[in-house]
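Accompanying notes for the structure given below.
The values are calculated or read from the model by the stated rules, or taken from the named source; none is laboratory data. Computed from a predicted structure; not experimentally measured. Positions of Cβ are generated from backbone atoms using ideal geometry, with glycine treated the same way; all protein chains shown enter the neighbour counts. For accessibility, only protein heavy atoms count, side chains too; no ligands or nucleic acids. Shrake-Rupley method; radii C 1.70, N 1.55, O 1.52, S 1.80 Å.
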Amino acid sequence: MRKICTGYLLLVAVLCCTGLQSPAQSISTSIDKKEILIGEPIHYRLLFTFPSNDFRVEFNVPDSFPHFEMMAKNKFDSSAQGKFFIVQDMQLTSWDSGSWQIPKLPVVIRRGSGVFNLNAEAIPIEVKYAPEDSTGQLRDIKPVRTVFYIDRTWMYIAAAVLLGLILLFFLIRYLRRRPKKQKEPKHRLSPFDEAMQALASLKNETPDTQEKAKTFYTRLGEIFKQYYSRKRARDFSNQTTAELLRTLNRNNTPEDVVNFISEALQTSDATKFAKYLPPAYETDKCREFVSNAIVRIEKLNKSV
């Protein structure tokens with residue numbers, strides 16, 4: 001009984017194999033070229049032909065195999081025109097020069113519960129380098145193009161000239177607005193002689209009115225400030241009475257000289273700002289105070 005069952009099973013298997021490999025079914029491979037340059041693509045096609053659409057094909061190809069790499073693989077394409085076709089297109093390339101072959105790729109065909117493993121036909125491929133150029137001519141990668149060039153030299157020159165004119169304009173403007181140095185007047189007399197001569201001219205004046213008194217005391221203060229400015233080589237003409245007294249103290253001026261000047265200038269301020277009209281004896285005293293102060297300062301400078 002066991003021998004009879006085994007015989008039936010063998011008969012069924014033979015019939016199935018015979019039906020799959022009958023002329024109604026076929027597997028064919030094709031490529032578009034058998035010689036390529038390194039890196040050049042190869043279009044590889046597998047065509048399955050079946051009598052009906054109840055056949056299933058499983059075709060798993062790795063991303064690379066010896067000497068070849070997979071660049072692209074399309075999905076299965078099928079059509080029915082009397083016979084049922086299944087097409088698998090792939091794109092391969094090789095980076096190794098030499099004579100190689102696309103190996104036998106494994107194919108699994110299913111029909112119902114039947115499973116059959118087949119191998120696609122191996123295809124030889126010749127991979128070569130590009131032929132050497134024997135002409136010795138240089139060839140550009142891209143053709144020579146005419147470049148549109150604009151000479152901007154004149155623009156740079158014009159910009160430089162314009163910048164120079166702007167700088168010249170601001171320089172002239174600065175020089176015109178810059179305050180000019182006032183030249184110190186040339187004095188024919190020494191500071192002491194000039195002050196004594198100016199004080200002597202005040203003896204002939206009689207400040208008996210408010211306007212005359214204001215002019216007299218203004219001139220009296222100017223005489224001392226002019227003298228002291230020349231002696232110290234600094235301008236004290238714009239200092240107030242308080243500022244001038246502080247300057248005298250900072251310069252170690254004797255106390256009696258500071259008191260003389262303080263008395264005269266305070267009377268001068270009262271005359272100019274408080275409309276005070278000093279009597280004649282006070283006017284003479286203030287003039288003598290300024291004269292004594294100048295004489296004392298001159299003697300101290302000579303003794304040093």
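Extension gain for ILE157-ASN252 works out to 27.7 nm (0.36 nm per residue, less the C-alpha to C-alpha distance). Roughly how many nanometres apart are two label points built 7 Å out from the Cα toward the Cβ at ARG232 and VAL115? For ARG232 paired with VAL115, the spin-label model returns 12.0 nm. When ARG110, ARG287 are compared by accessible area of protein heavy atoms, the largest-first order is ARG110, ARG287, using a 1.4 Å probe. Amide H contacts of PHE84 (H built 1.01 Å from N, in plane; Pro and chain starts excluded): PHE50, SER52 sit under 5 Å, all sequence-distant by 5 or more or on other chains. Annotation for SER190 and THR215: the two label points, set 7 Å from Cα along the Cα-Cβ direction, are 3.2 nm apart.
Among the lysines of the range 140-298, pairs that are 8 or more positions apart or on different chains and have alpha carbons within less than 23 Å of each other number 25.
Residues in the range 46-58 carry Karplus couplings, in order, of 10, 10, 9, 10, 10, x, 8, 9, 8, 8, 10, 10, 10 Hz; the curve used is 6.51 cos²θ - 1.76 cosθ + 1.60 with θ = phi - 60°, and Gly or Pro positions show x. The slack in the chain from GLN101 to THR29, taken as 0.36 nm per residue of separation less the alpha-carbon distance, amounts to 24.6 nm. Please work out the FRET efficiency for the pair ALA270 and ASN301, using the Cβ-Cβ distance as r and a Förster radius of 22 Å; give the result to the nearest 0.05. Approximately 0.10, to the nearest 0.05.
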